[in-house]
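The values are calculated or read from the model by the stated rules, or taken from the named source; none is laboratory data. Here the structure is a predicted model, which means the values were calculated and not measured. Note that each Cβ is placed from the backbone with ideal geometry, even for glycine, and that neighbours are counted across all protein chains shown.
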Amino acid sequence: MKKLKHTDSNNFFLLSGPCAIEGEDMALRIAEKVVSITDKLKIPYVFKGSFKKANRSRIDSFTGIGDEKALKILEKVSETFDIPTVTDIHREEDAAMAAAYVDVLQIPAFLVRQTDLVVAAAKTGKHVNLKKGQFMSPESMKHAVQKVLDSGNKNVMVTDRGTMFGYQDLVVDVRGIPTMKAFAPTVLDVTHSLQQPNQNSGVTGGRPDMIETVARAGVVNEVDGLFIETHFNPSEAKSDGANMLDLKYLEGLLTRLVAIRQCVKSF
């Protein structure tokens, strides 16, 4: 994995970017802005962007601009700003393809029990980020982690993105943070945890007004990293705009979160 710019143990690391790669200009502009903020706050940063969005509610939903085209944009972001990048994979054959361009392969929550997919990601030697299934307990994620370890790859982390609460909502149980930290570095996916899926329209809703509430809970409970998807104009984002953070609010949010982390570390 590309070396993180900062290794300040008092800070969490950040995975952030647009939900999906919409184009080169947008990706570079978002990366440039987030890098300027994280450099100032000494927060290790990983740029996130899905080269393809395969798990859509409707057949007419945006899925991507072309696999290789999007992956090359991720590669350019990494080279331009000297930062690691992460993207989702959905099929076994995606693993080797994406590994040629990015530093971290992410297994989507819906697919984290798919052994062949997890093993394919692990065998690339890249870092593997396992997103906890909305239907899984924190304790059960140790088995997904073990699959990566048994494949000969020690570079694994887990990400909590909430647990289904009824049909159209998610809830974050912060007890899962220390549970999963016992067997892998643990990230809290703040923005996806605030999705409201399965809407009648077929377009996922969200509660971006609760982003700071959930992020603070993660930082106070010493999560290793935060996952916050952001965009210059979430209402125009082609994927998951309803739960994304408007980029103009990111610096203020991170500044407050760093202060909270420093306070917690002082005890």
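Observations on the model:
- Any hit, the range 222-238, residues being among the aliphatic types (A, V, I, L, M) and in a helix (DSSP H, G or I): no
- Boolean, Pro138 is out of contact with any Leu (no Cβ under 8 Å at 6 or more places or on another chain), buried (at least 19 other Cβ atoms within 10 Å of the Cβ) and under 23 Å from Gly241 (Cβ atoms): no
- Residue match in the range 245-256 (condition: crowded, with 21+ Cβ neighbours inside 10 Å, touching a residue at least 60 places away in the same chain (Cβ under 8 Å) and part of a helix (DSSP H, G or I)): yes
- Qualifying residue in the range 156-164 (condition: touching a Pro at 6+ places or on another chain (Cβ under 6 Å) and surrounded by 14 or more Cβ atoms within 10 Å (Cβ to Cβ)): yes
- Pairs with Cβ under 6 Å, 6+ apart, first in the range 59-74 and over 21 Å from Glu236 (Cα atoms) and touching a residue at least 12 places away in the same chain (Cβ under 8 Å), second surrounded by 17 or more Cβ atoms within 10 Å (Cβ to Cβ) and not basic (Lys, Arg): Asp67/Phe51; Leu71/Phe51; Leu71/Tyr101
- Of the candidates Ile65, Ile73, Ile37, Ile30, the single residue that is in a loop (DSSP other than H, G, I, E, B) and among the β-branched types (Val, Ile, Thr) is Ile65.
- For Phe62, the requirement of being among the hydrophobic types (A, V, I, L, M, F, W, C), surrounded by fewer than 22 Cβ atoms within 10 Å (Cβ to Cβ) and closer than 25 Å to Asp224 by Cβ is not met.
- Residue within the range 73-84 that is closer than 27 Å to Arg256 by Cβ and within 16 Å of the chain's Cα centre (by Cα) present: yes
Let's see how each residue does on (1) within 17 Å of Ala109 (Cα to Cα); (2) at pLDDT 95 or above; (3) buried (at least 16 other Cβ atoms within 10 Å of the Cβ):
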{"residue": "Leu170", "(1), (2), (3)": "yes, no, yes"}
{"residue": "Asp173", "(1), (2), (3)": "yes, yes, no"}
{"residue": "Glu212", "(1), (2), (3)": "no, yes, yes"}
{"residue": "Ser239", "(1), (2), (3)": "yes, no, yes"}
{"residue": "Ala242", "(1), (2), (3)": "no, no, yes"}
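- Failed item, numbered, when Ile37 is tested on (1) at pLDDT 95 or above; (2) buried (at least 16 other Cβ atoms within 10 Å of the Cβ); (3) within 28 Å of Pro197 (Cβ to Cβ): (3)
- Among the residues listed as Asp189, Asp150, the single one being in contact with a Lys or Arg (Cβ under 6 Å, 6 or more places away or on another chain) and under 22 Å from His90 (Cα atoms): Asp189
- Near pairs, Cβ below 8 angstrom, 6+ apart or cross-chain, from the range 13-36 (among the charged types (D, E, K, R)) to any residue that is in a helix (DSSP H, G or I) and at pLDDT 95 or above: Glu24/Ile73; Glu24/Lys76; Glu32/Phe81; Lys33/Leu247; Lys33/Leu250
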